[in-house]
1. Answer with yes or no whether Pro358 is over 30 Å from Val276 (Cα atoms) and assigned to a loop (DSSP other than H, G, I, E, B).
2. Look at Asp269 and say whether it is out of contact with any Ser or Thr (no Cβ under 8 Å at 6 or more places or on another chain), at positive phi and among the charged types (D, E, K, R).
3. Only residues that are among the polar types (S, T, N, Q), modelled with pLDDT under 95 and in a strand (DSSP E or B): list them for region 30-64, please.
4. Please specify each residue of region 296-322 satisfying the condition of being of a type outside the set (A, V, I, L, M), surrounded by 24 or more Cβ atoms within 10 Å (Cβ to Cβ) and assigned to a loop (DSSP other than H, G, I, E, B).
5. Given the options Ser336, Ser370, name the one that is surrounded by fewer than 14 Cβ atoms within 10 Å (Cβ to Cβ) and in contact with a helix residue (DSSP H, G or I) (Cβ under 7 Å, 6 or more places away or on another chain).
6. Just name the residue that is nearest to Ile194 (Cα to Cα) out of those in region 262-290 that are surrounded by fewer than 22 Cβ atoms within 10 Å (Cβ to Cβ) and among the basic types (Lys, Arg).
7. Scanning for something among the small types (Gly, Ala, Ser), outside any loop (DSSP other than H, G, I, E, B) and within 23 Å of Ala520 (Cα to Cα), does region 565-578 turn up at least one residue?
8. Residues to consider are Gly409, Gly457, Gly433; find the one that is closer than 25 Å to Pro85 by Cβ and either surrounded by fewer than 21 Cβ atoms within 10 Å (Cβ to Cβ) or hydrophobic (A, V, I, L, M, F, W, C) (or both).
Amino acid sequence: MKKSVLFSCLLATALSSFAQESFMIKTETRYWDASKTSAGYTLFGTRGTSYLVDFEGHVIHTWSIGTNPRFTDGGTLLDAVGGNPSNQNLWKELDWNGTTVWQYAETRSNYHGHHDFAKIYNPKLGDSTFIYIANKDLTAQQCLNAGCDPAHDYTGAQMDAVVEVDMQGNVIWEWCFFDHVVQDIDPTKSTYGIIANTPGKIDLNIRGNPVKSDWMHCNSLDYNEVHGEFYVIDHGGTFIANDPVGSIALAAGSLGDFKYRFGDPAKYDQGDPPSVLDNWEKATAGHKQLGGSHDIQWIRPGLPGEGHFLVFNNAQNLFELTPQSYIIEINPYLNSAGVNTGNFVNPPTAGYNVVNSPDGNLMKEKKNVSKQIVWRFSSKNNTSFYSTIGSSTQRLPNGNTLVCSMNDGHFFEVAPADTSIVWEYFNPMTRDGIKTIKLDNYPTYNGVFRAYRYAAGHPALDGHDLTPGPTMTGNIPDYFTPADILALQDNQNPAGNANKLNQNYPNPFTNGTTIEFEIAEPALVSLIIYDFSANQVKTLVHQNLSRGNYSRIWDGKNDQGTPVASGMYIYILKADNQQLAKKMIYCK
């Protein structure tokens, strides 16, 4: 099977918690349903450091590099140097101890690396290689010769290229947008053609957006054994082993044209663009599906949805009255009847479903949704999940999806069936240092470009000490669990005769803790301790009690007399029809 490259980009034109009720957000872990999360550790980079954390927010390990980190299959950490995803010309691989084991620098003055990169296995070489996105400088004359509209100034023009180098740093393959362009204003040029009949090339003269610096703004790249659209190009069919010149020539020819593109068919005259409606207070996205998308990827073999595309759809330019971001899964092989053809199907050919807003309070117009979109996530409250830039998504082994929303340094894990949130975390590292509480700030105050989950058996983690250390803030983890959601809604003591449940003391505790409670009327009373997965741990009381004050001591052991693990626990008092609950923390 031919190998391909996938990438997404924006033709450049000009979160808050899910339970957001104020401008103050507690950082680090806010919620965890341990019974539903996909096991592993979360890796992210922020302000020059990469952090590996567990679900409770304990730091497992750090590296002194932190822009857009990811683990390689070889067991190393790969990242760009400098901390700015938009500008990177030096990349390094570090081992567990932070030692540099490989690095590459782009030294050519007309290539400007940015945003994304990957270490891949090139089967024709039988070796690992490194691919990355770079803006490639163009002269104004090159643009005019290609058929750009002479009414515009093309000083400083650039188009993105995908560059591949071997482990010795030699350029062995390159693909550039400038080699795959079409225009319909100058029939004397070789690039002349009918835009609607040439979806495999990009229009040089898109309305209102002439070629300029960082014209494409590609921001993500993936490789399979690649803002406004994403594209699939053929790597294997345009690569000749040990022949860089021949490989680059093939990639520049017709074999390098797009194999598939998704996101905005109006850009190749096969769909309607976004537009303001007759009532200019309303607008439509037309057939545009993506707005400022990031982290395009193939879902890996063995994972639910394998072979489909998964993308973070920032959606800041979808012309919705109330914008919000989306996670979209796309099956590119579906035709208009929903049949998997086994081959790429042009999205306009597959067609669209007209979808109404699920709730009138979202204040959204009905929209055309591609029939190739097979799963989509967005928060029910459209003000809760929105990131204008950056961000990432990842399909996990249990079918859940991990999301990183860059604007608010917000990570959360989504279960597929009911799109419920099973884990939520806010990055505490801000422009002003580590914060326990994030106040109302401008976007990316605590931003994280991407975050990824890795199982303990991953080559980068296997055999290493994964003992939890302190959290980033140094605070003991304090977060909600399913038991909180089920029980704390009844935790307010009603007026008049009512049972009472006091906070245990000491809390946190090591050797033992006292729980005091008051029973207002004779009743069958139970006082039971649960772990964060809502599993019963210890029954302290289960008997008829008369009116009065009581106390019980818990020594940190379960009903079998075995010491429990450190962490958060819930104790629930039940008497007649009343139920009260509180949290406590046990530290060995």
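The values are calculated or read from the model by the stated rules, or taken from the named source; none is laboratory data. Every value quoted in this text rests on a predicted model; they were computed, and no experiment measured them. Neighbour counts are summed over all protein chains in view; Cβ atoms, including those assigned to glycine, are modelled from backbone coordinates with ideal geometry.
1. On the way: over 30 Å from Val276 (Cα atoms): no; assigned to a loop (DSSP other than H, G, I, E, B): yes.
It is false that Pro358 is over 30 Å from Val276 (Cα atoms) and assigned to a loop (DSSP other than H, G, I, E, B).
2. Answer is yes for this residue.
3. None; the set is empty.
4. Result: Asn314, single match.
5. It is Ser336.
6. This residue is Lys267.
7. Yes; the residues of region 565-578 include at least one that is among the small types (Gly, Ala, Ser), outside any loop (DSSP other than H, G, I, E, B) and within 23 Å of Ala520 (Cα to Cα).
8. Going through Gly409, Gly457, Gly433 in turn, the sole match is Gly433.
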